[in-house]
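Peer 1: Let me give you the structure first, and then I'll get to my questions.
Each reported figure results from applying straightforward, stated rules to the coordinates on display, with no laboratory input. All values reported here derive from a predicted model rather than from experimental measurement. Cβ sites come from the backbone with ideal geometry, for glycine too, and all protein chains shown count toward neighbours.
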Amino acid sequence: MPQVKIIARNFMDMVAALPAMKLDQLYQNAFICEAILRSLPPLAKKYVIQMLYIEEAVTTKSIEEWVLPDGLSKHKVAIDRLLQLRIFSEAFDRSSGTSYRLNPTFQSNLQKHITCGGVLPREPMPSSITARLPSLEDLAVFAFALEQWECFLLQLINSTQAEKMTNISPSMMRIFQRGLLTQRDKEPPRLTESGFQFLLMDTNAQLWYIIREYISNSEERDVDSADLISFLLELSFHATGEAYNMNTLTEVQRNTLKDLADLGLVKLQQGRKESWFIPTKLTTNLSVSLTDSSSRKEGFVVVETNFRIYAYSTSKLHCEILRLFSRIEYQLPNLIVGAITKESLYNAFDNGITADQIISFLQQNAHPRVAERVPSVPENVTDQIRLWESDLNRVEMTPAHFYDEFPTRDVFEAACDFAREYGGLLWEDSKKMRLVVKTDVHMHMREHLRRQRQ
Amino acid sequence: MASAPSKLYADDVSLLVVLLDANPFFWSASSLPFSKFISHVISFLNSVLLLNQLNQIVVIATGHNCCDYVYDSSSPASRSAGTGKLSALSVDLLEKLEEFVCRDEKLLKKEPEGSIASSLLSGSLSMALCYIQRVFRSGPRHPHPRILCLHGSQDGPEQYVAIMNAIFSAQRSMVPIDSCFIGAQNSAFLQQASYITGGVYLKPQLLEGTFQYLSTVFGTDLHSRGFLQLPKSVGVDFRASCFCHKKTIDMGYICSVCLSIFCKHHKKCSTCGSVFGQPHSEAASEPNKKRKAGDT
């Protein structure tokens with residue numbers, strides 16, 4: 001079965017794909033420099049800070065000396081990333097070889113940021129005004145964000161379980177659903193393999209996917225993607241739970257905020273004269289790099305050695321996700337009880353979900369009570385899931401050609417050797433002089449046999 | 001003694017506890033003015049906070065008579081935005097540091113004799129380790145802690161026992177202790193600390209470039225350290241100080257029950273109370289007979 005994977009591509013890949021001029025323009029904003037710095041791999045971050053106050057170019061050899069021999073692969077990844085994002089610029093000199101230098105705008109912005117700190121372009125609202133409306137404390141803001149996000153996801157997968165519809169326009173929804181749902185005529189839309197994998201990703205990865213789709217679509221709506229990216233990155237530096245005035249925003253930014261409110265990233269509120277927005281936890285997560293693999297939220301799933309799942313959650317979304325690979329038995333007011341069975345797993349595998357995704361979902365969302373146990377999901381369950389998956393992969397297929405009826409043994413032996421040289425010999429039967437050769441070697445084999453005949 | 005095994009970390013979130021030497025006797029005689037030093041340190045701390053949203057910094061000031069917390073980035077009282085000329089961290093840190101120095105001065109009882117005016121490193125190390133213990137107990141998801149000593153004052157031999165105890169408990173909890181020593185001669189205590197706990201000891205040669213030293217050597221999180229070339233320790237001074245006079249000694253007498261070190265022969269161990277036998281001459285290598293407390 002072909003393995004399809006949607007890679008939750010980091011937002012920064014999108015940024016790196018922008019044309020050089022736009023990227024340089026982006027770097028004029030100090031917060032964007034900060035956000036991009038945070039998204040780099042750890043070694044790259046270190047290089048940037050180390051080169052922060054160095055004006056001249058540093059030779060590649062010197063930089064390689066900073067790393068131990070077994071870190072060279074990471075070093076290469078870091079340097080490639082820095083070059084891709086145009087943070088490092090390369091220069092070639094005949095005497096000293098290649099050398100690297102930090103992008104000057106990036107450098108000066110970061111220097112200023114370190115010594116003077118950063119000031120957001122928008123002021124927080126005085127509490128005298130915000131106090132008139134029911135104030136949203138941290139927990140309430142978080143609950144709001146979660147509710148909106150779940151509602152959005154349920155609507156995305158077209159579930160009938162969604163209680164209320166969000167305000168996102170149908171065309172926008174279709175853009176998000178592109179790639180995740182397929183629609184055949186006269187049938188209700190079904191989730192694709194990518195759709196299933198999307199559901200099992202953690203919230204950060206899902207958020208990035210949606211934002212990426214939103215931005216790639218922005219060009220069609222006449223919104224400059226670079227502006228949008230810089231606004232989103234700036235937003236991620238606002239403090240959660242604090243109200244910020246909307247008077248400094250442009251029209252485009254206001255529209256963006258409305259869309260983001262539907263997704264649960266900000267909450268819009270209106271006072272008597274002014275309106276303001278409150279960023280939620282999802283917004284500040286925008287600048288958390290995807291290299292930070294540990295998701296720091298509370299888990300809710302307990303998996304027991306008898307293959308039963310107990311999920312302490314009231315969310316319909318969680319129920320849908322668990323339904324993907326387990327058989328849900330009871331749904332109690334605060335508990336979902338299910339069991340992992342062979343049928344339910346075969347169902348999941350048919351839909352394109354891999355065993356690794358299921359296991360990593362269970363591990364990442366393990367209830368705090370079992371999370372500290374090593375391993376958080378019992379080994380017999382993980383082993384069995386993998387075994388059931390490999391059950392479906394018992395047969396491996398390679399396209400090949402079958403050769404029969406060789407005139408003499410010598411020709412047969414010569415053909416065998418020839419195939420072996422090219423690494424294409426799959427099977428031979430010397431007694432009956434039969435040969436199976438990989439398809440890519442087939443053409444060469446034909447040439448060879450023709451030459452043999454002459 | 002082998003250095004500590006270190007935990008394997010998966011991500012690069014770090015909790016940096018900085019022990020800042022605020023000993024007025026040292027700084028009044030130092031070639032680098034305190035104000036310049038603090039500006040380097042603040043830039044360094046800002047750069048650490050910049051690298052990861054979840055990084056945390058705690059600064060403990062080590063004075064002559066007392067130690068106290070002067071900055072905690074995770075406390076709700078710390079500001080979220082700066083004033084434009086100074087970062088949020090600077091404003092908070094400098095305010096608290098001023099208050100601390102005034103308090104420290106008030107506690108001064110008499111001028112120290114001689115030139116050794118040591119700061120209370122043992123106190124601040126213990127405070128750092130207590131804070132880190134609290135972080136460990138806060139749950140399975142916590143940033144990875146390490147201690148950085150920015151120290152310049154000379155070692156006070158009277159603090160030997162307390163500092164060694166702190167070092168061993170750091171080794172047990174697998175918390176590396178890094179030191180950046182800005183004084184004149186090397187500090188034996190800090191060298192031992194870095195060696196035993198698996199941290200890095202550095203004595204920068206050009207003090208005007210302190211920020212560069214800090215960011216190059218001490219800025220990386222524990223996960224990436226496995227891949228970087230860091231300064232190795234050369235010639236650690238393992239000399240101990242005796243428990244009775246607090247002098248640094250090379251050879252001495254050791255109680256076989258509690259391993260306390262004495263420079264002269266005593267009748268009884270002052271730590272555990274064991275009674276010692278007759279001293280043998282130094283030429284003989286027979287072990288002294290020690291009997292448990294209670295026998296005469």
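Peer 1: Between A:PHE142 and A:GLU379, with labels modelled 7 Å along Cα→Cβ, what's the label distance in nm to one decimal, could you check?
Peer 2: Placing both labels 7 Å along Cα→Cβ, they lie 3.5 nm apart.
Peer 1: Hey, another quick one. Name the residues whose placed amide hydrogens come within less than 5 Å of the amide hydrogen of A:THR98, ignoring near sequence neighbours (fewer than 5 apart) on the same chain.
Peer 2: A:THR60, A:ASP93
Peer 1: Right, something else. Suppose the chain between A:GLU298 and A:LYS342 were pulled fully straight at 0.36 nm per residue; how much longer would it get relative to their current alpha carbon spacing? Please report the intermediate quantities before stating the final value.
Peer 2: Details: separation 44, 0.36 × 44 = 15.84 nm, distance 2.83 nm.
The span from A:GLU298 to A:LYS342 would gain 13.0 nm if fully extended.
Peer 1: Would region A:400-452 count as rounded, prolate or oblate if I go by the C-alpha gyration tensor, calling it rounded below 1.5 in a/c and otherwise prolate when a/b exceeds b/c, oblate otherwise? Walk me through the numbers on the way to the answer.
Peer 2: Numbers: a/c = 1.60, a/b = 1.20, b/c = 1.34.
Oblate, because a/c is 1.5 or more while a/b does not exceed b/c.
Peer 1: Hey, another quick one. In nm, to one decimal, how far is the modelled label at A:ARG174 from the one at B:GLN185, with both set 7 Å along Cα→Cβ?
Peer 2: 8.2 nm
Peer 1: Could you order the peptides A:249-256, A:22-29 from most to least packed, using the average number of other C-beta atoms within 10 Å per residue?
Peer 2: On the way: A:249-256: 14.5, A:22-29: 17.8.
Per-residue mean Cβ counts within 10 Å order the peptides as A:22-29, A:249-256.
Peer 1: Give a quick list of trypsin sites (Lys or Arg not before Pro) in region A:391-454 that DSSP marks as loop, anything other than H, G, I, E or B, with at most 16 other Cβ atoms within 10 Å. Mind dumping the intermediate values first?
Peer 2: Values: sites: A:ARG394, A:ARG409, A:ARG420, A:LYS431, A:LYS432, A:ARG434, A:LYS438, A:ARG446, A:ARG450, A:ARG451, A:ARG453; in loops: A:ARG394, A:LYS431, A:LYS432.
Loop-located and lightly packed - A:ARG394, A:LYS431, A:LYS432.
Peer 1: Using alpha carbon centroids, what distance separates region A:354-416 and region B:174-252, in Å?
Peer 2: Cα centroid of region A:354-416 versus Cα centroid of region B:174-252: 50 Å apart.
Peer 1: Return the distance in nm (one decimal) between the two label points of a simple spin-label model at A:ASP224 and A:ALA239, each offset 7 Å from Cα along Cα→Cβ.
Peer 2: About 3.1 nm, to one decimal.
Peer 1: Within 10 Å of each candidate Cβ there may be at most 11 other Cβ atoms; applying that plus a DSSP loop requirement, which GluC sites (Glu not before Pro) in region A:403-454 survive? If you can, show how the numbers build up before the last one.
Peer 2: On the way: sites: A:GLU405, A:GLU413, A:GLU421, A:GLU428, A:GLU447; in loops: A:GLU405.
Filter output for region A:403-454: A:GLU405.
Peer 1: In Å, what Rg and Dmax follow from the Cα atoms of region A:11-116?
Peer 2: For region A:11-116, the Cα-based Rg and Dmax read 13.5, 39 Å.
Peer 1: Tell me, what is the FRET efficiency for A:MET443 and A:VAL395 to the nearest 0.05, using R0 = 41 angstrom and their Cβ-Cβ distance as r? Before the final figure, lay out each step's value.
Peer 2: Values: r = 26 Å, r/R0 = 0.64.
The value I calculate is 0.95.
Peer 1: Here is a further query. Using 0.36 nm per residue, how much length does the chain from B:LEU207 to B:LYS264 gain when fully extended, once their Cα-Cα distance is taken away? Walk me through the numbers before you get to the answer.
Peer 2: Working: separation 57, 0.36 × 57 = 20.52 nm, distance 4.11 nm.
Full extension from B:LEU207 to B:LYS264 adds 16.4 nm.
Peer 1: Classify region A:301-393 as rounded, prolate or oblate from the Cα gyration tensor: take a ≥ b ≥ c as the square roots of its eigenvalues, call it rounded if a/c is under 1.5, otherwise prolate when a/b beats b/c and oblate if not.
Peer 2: Working: a/c = 1.88, a/b = 1.25, b/c = 1.50.
In terms of gyration-tensor shape, oblate.
Peer 1: Suppose R0 equals 30 Å; then what is the FRET efficiency for A:PHE402 and A:ASP13 from their Cβ-Cβ distance, rounded to the nearest 0.05? Show your work: numbers first, answer last.
Peer 2: Values: r = 45 Å, r/R0 = 1.48.
Computed FRET efficiency for A:PHE402 and A:ASP13: 0.10.
Peer 1: Report, in listed order, any pair from B:LYS36/B:LYS232; A:LYS22/B:LYS232; A:LYS267/B:LYS36; A:LYS281/B:LYS232; A:LYS74/A:LYS316 with a Cα-Cα distance greater than 32 Å.
Peer 2: A:LYS22/B:LYS232; A:LYS267/B:LYS36; A:LYS281/B:LYS232; A:LYS74/A:LYS316
Peer 1: Also, I was wondering about something else. Return the long-range amide H neighbours of B:SER179 (sequence gap of 5 or more, or a different chain), with a cut-off of under 5 Å between placed amide H atoms.
Peer 2: Amide H to amide H, under 5 Å and 5 or more residues apart or across chains, B:SER179 pairs with B:CYS149, B:VAL200, B:TYR201, B:LEU202.
Peer 1: Can you spot the aspartates and glutamates whose alpha carbon is less than 12 Å from B:LYS247's alpha carbon? Ignore those fewer than 8 places along the same chain.
Peer 2: B:ASP155, B:GLU158
Peer 1: Here's something else I'd like to know. Name the residues whose placed amide hydrogens come within less than 5 Å of the amide hydrogen of B:ILE57, ignoring near sequence neighbours (fewer than 5 apart) on the same chain.
Peer 2: For B:ILE57, the qualifying residues are B:LEU16, B:SER73, B:SER74.
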